[in-house]
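A.B. asks: My questions will all concern the structure given below.
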Amino acid sequence: MIPRETGPFIGKRAWTLAFATAIAGGVVALSLPATAQAGTDGTEVRSVPGHRVAHQVAPAGFVAVAKNRPVGNDEDGKRKCCDEDSKKKCCKECPPGPPGPPGRSAGIDTAFQGNNKFVGYAQGNGPTFVRDPRTASPWHDVSTLPGYPGNATDVSLAVMGNNLHVTVLSSTGLIRQTTCTVNPTPGTGGNPAWPGNCSSFQELTPPL
């Protein structure tokens, strides 16, 4: 039990006040007038009649830093941010590394002539193929034709009359086109078999 006295602030009243302060987590509410002055050791001393109560205060010029806020700029003016509550590491802006090798790109297109569906396929690693469903071996390599740009990454097909136009785009930006006779079926009726039924690739790259 905490001793209580009904008289003025004397004797064990200071001990009672200190004990009550510890129970309340260091927060003391006084109804008596109090004066405060800063101590030399970073404390603030509050005086009430019969008592002097001191508690720690922040030194002059101290600014509390909240968590999860941006922390200034580095010497290059690039903002850095630290998240103290996450597992991510704080890091500075780094210069980009050397570019990696170009990725593989492929293209595909289709075109109809009556009931026949032709498929063009640029594999992205060199050759381009055209599929003619009427022939025994349906896929035909047109990259062996003169003028083929090499490393085609895209292909476009279009039918006009008896002809199939095959246009390719290379990884270096070249656009070239061959025209293939597809009626009658290549390899029949005097029409050479694939790819002999096709012309040399012609230049279409801008600014022609």
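The values are calculated or read from the model by the stated rules, or taken from the named source; none is laboratory data. All figures in this text were calculated on a predicted structure; none of them were measured in a lab. Note that we place each Cβ from the backbone using ideal geometry, even for glycine, and neighbour counts take in every protein chain shown. Keep in mind that these areas ignore ligands, DNA and RNA; they rest on the heavy atoms of the full protein, side chains included. Shrake-Rupley method; radii C 1.70, N 1.55, O 1.52, S 1.80 Å.
A.B. asks: Could you check the simple spin-label distance between residue 188 and residue 115, using points 7 Å along Cα→Cβ, in nm with one decimal?
C.D. replies: For residue 188 paired with residue 115, the spin-label model returns 1.2 nm.
A.B. asks: Using 7 Å Cα-to-Cβ label points, what is the residue 141/residue 203 separation (nm, one decimal)?
C.D. replies: So the label points at residue 141 and residue 203 sit 2.7 nm apart.
A.B. asks: Mind ranking 161-174, 190-203 by how tightly packed they are, going by the mean number of other C-beta atoms within 10 angstrom, highest first?
C.D. replies: Per-residue mean Cβ counts within 10 Å order the peptides as 161-174, 190-203.
A.B. asks: Roughly what would the spin-label model give for residue 160 and residue 106, points 7 Å off Cα along C-beta, in nm?
C.D. replies: If labels sit at residue 160 and residue 106, their model points lie 3.0 nm apart.
A.B. asks: How big is Rg to Rh over segment 120-208, alpha-carbon atoms, Rh as the Kirkwood inverse-mean-distance radius?
C.D. replies: 0.96
A.B. asks: Related question: Which value, in Å², gives the accessible area per residue of segment 150-208 when a 1.4 Å probe is used on the protein heavy atoms?
C.D. replies: Result: 48 Å² per residue.
A.B. asks: What are the ³J(HN,Hα) values, in whole Hz, obtained from phi via the Karplus relation 6.51 cos²θ - 1.76 cosθ + 1.60 with θ = phi - 60°, for each residue of segment 169-179 in sequence order, with x given for Gly and Pro?
C.D. replies: Listing the rounded values in order: 10, 8, 5, 9, x, 7, 10, 9, 9, 10, 10 Hz.
A.B. asks: Skipping prolines and chain starts, which residues have an amide H placed within reach, meaning under 5 Å, of the one on residue 163, given they are 5 or more residues away or on another chain?
C.D. replies: 182
A.B. asks: Sticking with this one: Please list the non-local residues whose amide H lies under 5 Å from the amide H of residue 113, H modeled 1.01 Å from N, same-chain partners needing a gap of 5 or more.
C.D. replies: Under 5 Å from the amide H of residue 113: 118.
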